[in-house]
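Working notes for the structure below.
Every number here is computed from the coordinates shown, using simple stated rules; none is lab data. Quick caveat: nothing in here was measured; it's all calculated off a predicted structure. Ideal geometry is used to build each Cβ from the backbone, glycine not excepted, and the neighbour counts take in all protein chains shown.
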Amino acid sequence: MLKYFSIASSSSGNCHFLSDGVTNILIDAGVSARKITAALAQNELKLGDILYVLVTHGHQDHVHSAAALYEKYGVKVITNKPTAAELMSHLPRKAIKGVYTPGAAFSIGNIRVSTFPLSHDAACCNGFRFTGRTGESMAFATDLGFADSDVLTALSGAGLVVLESNYDEEMLKSGSYPQVLKRRICSTTGHLCNADCANLLPQLAARGTRYFALAHLSDHNNTPELALRTAETALAGTDCSVKTLPKDGAGPVYILEKGEIWSA
């Protein structure tokens, strides 16, 4: 069994919860411990229940509270070597529980974690595929400028895919951001736009995914309605479910068990 819900998902901060019923972890810790505590409480959990935070990369909207979580609650970090080196500037060495090799697989308790590289302007950004004890799986990919065939393969067949749908191209183009920032966002090492995210969805649906959660929506260059409409249009004619994850507060709960999946 795998249980997943988001705690925060936007350009302001990102944090997600994953459990197999025994081992509880966070994916990223880009918002305050107070916000994490409030979202966990909505699901009758507390920070003392969390063992580790699995970090995708070192940008502040993904690691903001990593030091505080270790100092106050003993939550240790698992990440890749380049990101661990970045975190050492404000995180004690003993707070790093483990360092994985990008592209490698490892286990956290009975949760099998496969990693895959993502194209993003960080020292080393990774996506994850999680597999439970009875074979259920979900995949997680945010902060990527584009998705190549390797990313498609890594996501394929997962019962639930959490995928970035960061910005609407027209909103970014006509928005107030400086040109240098606009170029960074839409570059191949930036973020995934609604259209590019939507293009992946029917390909993944054809490979067995039935549940999609759209993540890391921009605060200024997107809206949940736009992201959802773009995704639903791409999935028209399928029996797939797609939702956007909220900026703050606990998102929908997904349960994956023995090949079955449902959203609570």
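A few remarks follow.
- Test result for Gly103, surrounded by 20 or more Cβ atoms within 10 Å (Cβ to Cβ), touching a Pro at 6+ places or on another chain (Cβ under 9 Å) and either assigned to a loop (DSSP other than H, G, I, E, B) or of a type in the set (A, V, I, L, M) (or both): no
- Pair list, Cβ under 8 Å, 6 or more apart: segment 194-212 residue surrounded by fewer than 23 Cβ atoms within 10 Å (Cβ to Cβ), other residue of a type in the set (D, E, K, R) and in a helix (DSSP H, G or I): Ala195/Glu169
So that you can scan it fast, the table gives a plain yes or no per residue for (1) closer than 24 Å to Ser263 by Cα; (2) part of a loop (DSSP other than H, G, I, E, B); (3) of a type in the set (Gly, Ala, Ser); (4) in contact (Cβ under 8 Å) with a residue 40 or more places away in the chain:
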{"position": "Tyr4", "(1), (2), (3), (4)": "yes, no, no, yes"}
{"position": "Ser9", "(1), (2), (3), (4)": "yes, no, yes, yes"}
{"position": "Asp28", "(1), (2), (3), (4)": "yes, no, no, no"}
{"position": "Ala38", "(1), (2), (3), (4)": "yes, no, yes, yes"}
{"position": "Ala68", "(1), (2), (3), (4)": "no, no, yes, no"}
{"position": "Glu71", "(1), (2), (3), (4)": "no, no, no, no"}
{"position": "Pro82", "(1), (2), (3), (4)": "no, no, no, yes"}
{"position": "Ser89", "(1), (2), (3), (4)": "no, yes, yes, no"}
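- Taking the criterion of being of a type outside the set (A, V, I, L, M, F, W, C), in contact (Cβ under 8 Å) with a residue 12 or more places away in the chain and either more than 17 Å from Pro202 (Cβ to Cβ) or not in a loop (DSSP other than H, G, I, E, B) (or both), the only residue of segment 149-160 that qualifies is Asp150.
- Odd one out for Gln179 among (1) touching a residue at least 24 places away in the same chain (Cβ under 8 Å); (2) farther than 19 Å from Ser6 by Cβ: (1)
- Of all residues in segment 161-199, those satisfying the criterion of being within 12 Å of Asp143 (Cα to Cα) and either among the acidic types (Asp, Glu) or part of a strand (DSSP E or B) (or both) are Val162, Leu163, Glu164, Tyr167, Cys193.
- Reported count of residues in segment 11-26, each being among the β-branched types (Val, Ile, Thr) and in a strand (DSSP E or B), is 1.
- Unique residue being polar (S, T, N, Q) and within 19 Å of Phe5 (Cα to Cα) when the list is Thr56, Thr101, Thr79, Thr83: Thr56
- In segment 167-190, residue farthest from Asn222 (Cα to Cα) [restricted to those that are surrounded by 11 or more Cβ atoms within 10 Å (Cβ to Cβ) and of a type in the set (A, V, I, L, M)]: Leu181
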